[in-house]
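S.K.: Can you keep this structure in mind? I'll have questions shortly.
The values are calculated or read from the model by the stated rules, or taken from the named source; none is laboratory data. Keep in mind the model is a prediction, meaning the values are calculated, not measured. Please note: Cβ atoms are built from the backbone with ideal geometry, for glycine as well, and neighbour counts cover all protein chains shown. Surface accessibility is based on the protein's heavy atoms, side chains included, excluding ligands, DNA and RNA. Shrake-Rupley method; radii C 1.70, N 1.55, O 1.52, S 1.80 Å.
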Number of protein chains: 2
Amino acid sequence: MNKNRIVLAHGDGGRLSRNLIEEIFAKAFANPELAPLADSALLALTGKRIAFTTDSYTVKPIFFPESDIGKLAVFGTVNDLSVMGARPLYLSCGFILEEGLEIEVLKRIVDSMKSASEMVGVKLVTGDTKVVEKGSADKIFINTSGIGELLNWRTMGKAPEPGDEILISGTIGEHGIAVLCARGELELKIPVKSDCAPVWELVSMLYQEKVNVKWMRDPTRGGVATCLNELVLGQGFGVMIGEDKIPVLDSVDSACEILGLDPLYLANEGKILCLVKKGEAERAREIMRKSQLGKKAEIIGEVISEPAGKVLVRTKVGGTRVLGMLAGAPLPRIC
Amino acid sequence: MNKNRIVLAHGDGGRLSRNLIEEIFAKAFANPELAPLADSALLALTGKRIAFTTDSYTVKPIFFPESDIGKLAVFGTVNDLSVMGARPLYLSCGFILEEGLEIEVLKRIVDSMKSASEMVGVKLVTGDTKVVEKGSADKIFINTSGIGELLNWRTMGKAPEPGDEILISGTIGEHGIAVLCARGELELKIPVKSDCAPVWELVSMLYQEKVNVKWMRDPTRGGVATCLNELVLGQGFGVMIGEDKIPVLDSVDSACEILGLDPLYLANEGKILCLVKKGEAERAREIMRKSQLGKKAEIIGEVISEPAGKVLVRTKVGGTRVLGMLAGAPLPRIC
């Protein structure tokens, strides 16, 4: 048995499983709720309104510029809580490991999860590890589920009205391009880093400043275009965005042109897309710009009454096009 | 694109992802908390003490006698909450699907999860689906995380004392043998069904009857032997069990003999192992026997002061042996 690699016995619930948990997971994520290593963690949440979310991460490759699957698994779930207006508190973590994975690789990923959790102040309190035979998974898949405390943000969920404005907290498409390039399948060397980051700070600033935010999302898989389509789907209003208002890095723009991709459909992992009441957009933008993560925040569009249920783009050359949901060539395993 | 199979675009966050969610998942698990299909579910848990758990399921094969990966994913996580003394309330569900999986197979699994959830009264409130390329996973992996409301069970967690007794709620080893036989790798046709079932009813009966339970587990991977070893690990007490007291079906016993396995190390998916205060064991056994799931409950052993930190077995021939943690040939992908 090679001691440097994951073997099937690491997943059988016996001694090697226990060693793995104690030497790698429990050490990295040490906290009082995790310490009993019991079947469930017991949490002190009395009197709090709760948000609950889950995501599995299968990103390929598992390491990519500025990030890795572990960091993504923490920030991705933390961001899903944040955009619902919930302060991230607790995470669970389920690993599926492929037999033969180097233990050093697992350690690097766990260390990355540890730093990411500490950065946001979220505790990893319960976990599970399964090992499957070589060839039955691709290195490592991670599921994180998260529990957050719902803020008392009264405007959240209120019905959008024409004139309400839409903001994005920064440049779009970096994560998608960074992962695609890191795969090495493309003859493309573009220095794009993933934007993988926790958006909680941005969200809490908007909350503390009592911005009238009605809706918020983090535009991951399917990008800004898909989130906006989900916003208007079956509703009595539409959305119009201005192509020239969308912040995009030059490097991402070039990559998109070469690859025939639209940045509006690319995944982001450290951005928020939000809808604020008419007249609040400039204040919201200035608040976001005070944070490092929101320096390039822009107002990109507004709610319109007609056509309902559609997302329109005012193009740079002055025309208008409908922005549908992603329905073309899929970009698999981007998160 | 073959409409009967999972394709990569089912996981890209666009239109096909949406269709899959609406037509399969949202329909099966319809409930008010899931309905918004937002990034997190918002839960009404105010004033409750919470237990939180997670498990990934990679069982192979995905269908086996009396059960399947979906049922297992619901009951397994529900049981992890139950044995911590928590009433199961909410589940999340993360699917990792292999490209090419038949949609009919996914539907069967989802239907099974739906029935299982309804049987226990637990709501599946948030989910996620990823699709990986053919060959990068084995058909389907499911993660479920669960939230439960902690009962006010004051004896739970109290220190075990010599003379405290240990009970098992029924015959052991069925799940492990059922899955091994269902793989078809063995030249073995033994009619053993998995015991996959929710133990919540058993747990709540013991609670309602105010049984002085100090510790409870569901002996899954690693079996009864591993759970008992975790109980005594590093503690100032040991455990002695009687080999002749352990309930085992004849069919499981024969299979174990042929395969060279010890039922004490085999996985169970519908049993509880509990430690009750001295003098309470017979009452606990009679309470369990009132439930269909506990008809074969037995008192199997007791807490001893010496040797500390060890699990001993009084064998049928009158000797004594130490029962270590599982450390032999692993039984991979049993759950």
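S.K.: Between residue B:154 and residue B:296, what is the FRET efficiency for a Förster distance of 35 Å, r being their Cβ-Cβ separation, to the nearest 0.05?
M.R.: The calculated FRET efficiency here is 0.75.
S.K.: Under a straight-distance cross-link criterion of Cα-Cα below 13 Å, which aspartates and glutamates are reachable from residue A:27, leaving out those fewer than 8 residues away in the same chain?
M.R.: Hits, sequence-local ones excluded: A:111.
S.K.: Also: Set the bar at 28 Å for Cα to Cα. Now go through A:114/A:210; B:71/B:210; A:3/B:60; A:134/B:71 and name every pair that lies beyond it.
M.R.: Violating the 28 Å limit, Cα to Cα: A:114/A:210; B:71/B:210.
S.K.: Separate question: Checking the cross-link filter: which aspartates and glutamates have an alpha carbon closer than 18 Å to that of residue B:290, excluding same-chain neighbours under 8 positions apart?
M.R.: B:195, B:201, B:209, B:280, B:282, B:298
S.K.: Moving on to the next point. Could you tell me the calculated FRET efficiency between residue B:119 and residue B:35, based on Cβ-Cβ distance and R0 = 30 angstrom, to the nearest 0.05?
M.R.: Using R0 = 30 Å, I get an efficiency of 0.90.
S.K.: What does the buried accessible surface come to for B and A, summed over both chains, with the probe at 1.4 Å? Round to 100 Å².
M.R.: Chain pair B/A: roughly 5800 Å² of buried accessible area.
S.K.: Place a +1 charge on the Cβ of each Lys and Arg in region B:27-127 and a -1 charge on the Cβ of each Asp and Glu, then give the dipole magnitude about the Cα centre in debye, rounded to the nearest 20.
M.R.: With Lys and Arg at +1 and Asp and Glu at -1, about 460 debye.
S.K.: On average, how many beta carbons from a partner chain sit within 10 Å of the beta carbon of a residue in A:83-90?
M.R.: 2
S.K.: Okay, next question. Which one of A:159, A:100, A:136 has its Cα pushed farthest toward the positive end of the charge dipole of region A:67-162, where Lys and Arg give +1 and Asp and Glu give -1 at the Cβ?
M.R.: Of the candidates, A:159 comes out farthest on the positive side.
S.K.: Output the relative contact order of region B:8-150, whole-number percent, from Cα pairs under 8 angstrom with separation of 6+ residues.
M.R.: Result for region B:8-150 is 39 percent.
S.K.: Distances from residue B:162 to the same position in the other copies: list them in nm, one decimal, shortest first, using label points 7 Å from Cα along Cα→Cβ.
M.R.: Shortest to longest, the spacings are 8.4 nm.
S.K.: I've got another one for you. In degrees between 0 and 90, to the nearest 10, how far off the longest principal axis of chain A does helix A:250-259 point, with axes built from Cα atoms?
M.R.: 80
S.K.: Could I ask something else about it? Starting from a label point 7 Å past Cα on the Cβ side, list the distances from residue A:283 to the same position in the other copies, nm, shortest first.
M.R.: 6.3
S.K.: 5 Å is the cut-off here: which amide hydrogens, built 1.01 Å from N in the peptide plane, fall below it relative to residue B:170, excluding neighbours closer than 5 in sequence?
M.R.: Amide H neighbours of residue B:170, under 5 Å, 5+ apart: B:272, B:298.
S.K.: Taking each label point as 7 Å beyond Cα in the direction of the beta carbon, state the distances from residue A:32 to the same residue in the other copies, shortest first, in nm.
M.R.: 3.4
S.K.: A further question on this structure: Would you mind checking the tilt of helix A:223-232 against the longest principal axis of the Cα atoms of chain A, expressed as 0 to 90 degrees and rounded to 10?
M.R.: Compared with the principal axis, the helix lies near 60 degrees.
S.K.: For chain A, what is the convex hull (Cα atoms) projected area averaged across all directions, in square nanometres?
M.R.: Computed as one quarter of the Cα hull surface, the answer is 17.9 nm².
S.K.: Once you order the gyration tensor axes a ≥ b ≥ c over the Cα atoms, which shape class does region B:165-322 get: rounded for a/c under 1.5, otherwise prolate or oblate by comparing a/b with b/c?
M.R.: Oblate is the answer for region B:165-322, as a/c is 1.5 or above yet b/c matches or exceeds a/b.
S.K.: Same structure, new question: How big is the shadow of the Cα convex hull of region A:195-262, averaged over all directions, in nm²?
M.R.: Answer in nm², one decimal: 6.3.
S.K.: With no solvent and one equal point scatterer placed on each C-alpha of the protein assembly as shown, evaluate the Debye formula and give log10 I(q)/I(0) for q = 0.06, 0.07, 0.12 Å⁻¹, two decimals.
M.R.: Debye intensities relative to I(0), on a log10 scale: -0.34, -0.46, -1.23.
S.K.: To the nearest 20 debye, what charge dipole does the protein assembly as shown have about its Cα centre, counting +1 at the Cβ of each Lys and Arg and -1 at the Cβ of each Asp and Glu?
M.R.: So the magnitude is around 1040 debye.
S.K.: While we're looking at this one, here's another question. Determine which lysines satisfy two conditions relative to residue A:316: a Cα distance under 25 Å, and not lying fewer than 8 residues away in the same chain.
M.R.: A:245, A:271, A:278, A:295, A:296
S.K.: Would you please classify the overall shape of region B:104-192 from the alpha carbon gyration tensor, given that a ≥ b ≥ c denote the square roots of the eigenvalues, rounded means a/c under 1.5, and beyond that prolate means a/b larger than b/c while oblate covers the rest?
M.R.: oblate
S.K.: So, in Å, what gap is there between the alpha-carbon centers of region A:101-154 and region A:218-278?
M.R.: 27
S.K.: Once you average over the residues of A:133-140, how many Cβ atoms of partner chains fall within 10 Å of each Cβ?
M.R.: 4
S.K.: Can you give the local net charge around residue B:121? Use residues other than it whose beta-carbon is closer than 13 angstrom to its beta-carbon, Lys and Arg +1, Asp and Glu -1.
M.R.: For residues surrounding residue B:121, the net value is 0.
S.K.: Shifting gears a bit: Could you point to the residue in B:147, B:64, B:11 farthest towards the positive end of region B:8-150's charge dipole, with +1 and -1 charges on the Cβ of Lys/Arg and Asp/Glu respectively?
M.R.: B:147
S.K.: Give the span of region B:1-121's Cα atoms along each principal axis, as three whole-Å numbers ordered largest to smallest.
M.R.: Principal-axis extents of the Cα atoms in region B:1-121, largest first: 49, 36, 20 Å.
S.K.: Let me ask something else about it. Quick one: helix A:103-120 against the long Cα principal axis of chain A, what's the angle to the nearest 10°, folded into 0 to 90?
M.R.: 50
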